[in-house]
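**Q** There's a structure below that I have some questions on.
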Amino acid sequence: MSRPPLPPFTRETAALKARMAEDAWNSRDPVRVSLAYTEDSRWRNRSEVLQGREAIVAFLTRKWEKEQDYRLIKDLWAFDENRIAARFQYEWHDAGGQWYRSYGNEQWEFDEHGLMKRREASINDIAIAEKDRRFHWAAPGPRPADVPGLGTDPF
């Protein structure tokens, strides 16, 4: 199975890969998301370490049960050959209605078929008031083209 764009990445193809990941995660479909990863993909997400597509599906299912009304923006930070670094922000609320903005960075490594074989994510959550939310597009679904990325101000 091939998942273009393939490495080695250019600035344009790395940015496209980040946007494709953003769109998939905004679908909140764990199976769809898992197909971008190798069968034996290794992850570190916060303090959790997992391996393989089945573990990815289980992880994302738990994640989106907890992180309700999830909306994500990812931006390319850096790239080289078969690696991409992305920064991201997402907003969500818990079952009690408390909203959060989560900030983070990811490091991705891809195989020759464009599948991600390694993902390391560091994430921090900040409680926010609902009035302070920034991500308001209809969800689940991709960020509309008229909603900008993170830009130069990460906060």
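**Q** Of all residues in the stretch 1-35, count the ones that are under 14 Å from the mean Cα position of the chain (by Cα) and either assigned to a loop (DSSP other than H, G, I, E, B) or of a type in the set (Ser, Thr, Tyr) (or both).
**A** 5
**Q** Let me ask something additional. Of the numbered conditions (1) closer than 27 Å to Trp43 by Cβ; (2) open to solvent by 30 Å² or more (accessible area, probe 1.4 Å); (3) over 17 Å from the mean Cα position of the chain (by Cα), Pro140 satisfies every one except a single condition; which is it?
**A** (3)
**Q** Restricting attention to the stretch 81-100, which residues are outside any strand (DSSP E or B) and of a type outside the set (S, T, N, Q)? Spell out how you get there, then give the answer.
**A** Going through the stretch 81-100, the residues outside any strand (DSSP E or B) turn out to be 81-82, 94-98.
Scanning the stretch 81-100 gives Glu81, Asp94, Ala95, Gly96, Gly97.
**Q** Another question about this same structure. So, of the residues in the stretch 43-55 that are under 15 Å from the mean Cα position of the chain (by Cα) and farther than 27 Å from Gly96 by Cβ, which turns out to be surrounded by the fewest Cβ atoms within 10 Å (Cβ to Cβ)?
**A** Filtering the stretch 43-55 down to residues under 15 Å from the mean Cα position of the chain (by Cα) leaves 43-46.
Next cut, farther than 27 Å from Gly96 by Cβ only: 43-44.
Working: Trp43: 19, Arg44: 15.
So the residue we want is Arg44.
**Q** Anything in the stretch 101-116 that is closer than 16 Å to Leu50 by Cα and either open to solvent by 80 Å² or more (accessible area, probe 1.4 Å) or not in a strand (DSSP E or B) (or both)? List them, or say none. Break it down stepwise before answering.
**A** Filtering the stretch 101-116 down to residues closer than 16 Å to Leu50 by Cα leaves 106-109, 116.
Result: Gln107, single match.
**Q** Mind checking whether some residue in the stretch 80-92 is farther than 27 Å from Asp146 by Cα and crowded, with 17+ Cβ neighbours inside 10 Å?
**A** To start, the set of residues in the stretch 80-92 that are farther than 27 Å from Asp146 by Cα comprises 80-83.
With the extra rule that they be crowded, with 17+ Cβ neighbours inside 10 Å, the set shrinks to 82.
Yes, the conditions are met somewhere in the stretch 80-92.
The values are calculated or read from the model by the stated rules, or taken from the named source; none is laboratory data. Because the structure is predicted, anything quoted here is derived from the model rather than measured. Using ideal geometry, Cβ is built from the backbone for each residue, glycine included, and neighbour counts are taken over all protein chains shown. These area figures cover heavy atoms from the full protein model, side chains too; ligands, DNA and RNA do not enter into them. Shrake-Rupley method; radii C 1.70, N 1.55, O 1.52, S 1.80 Å.
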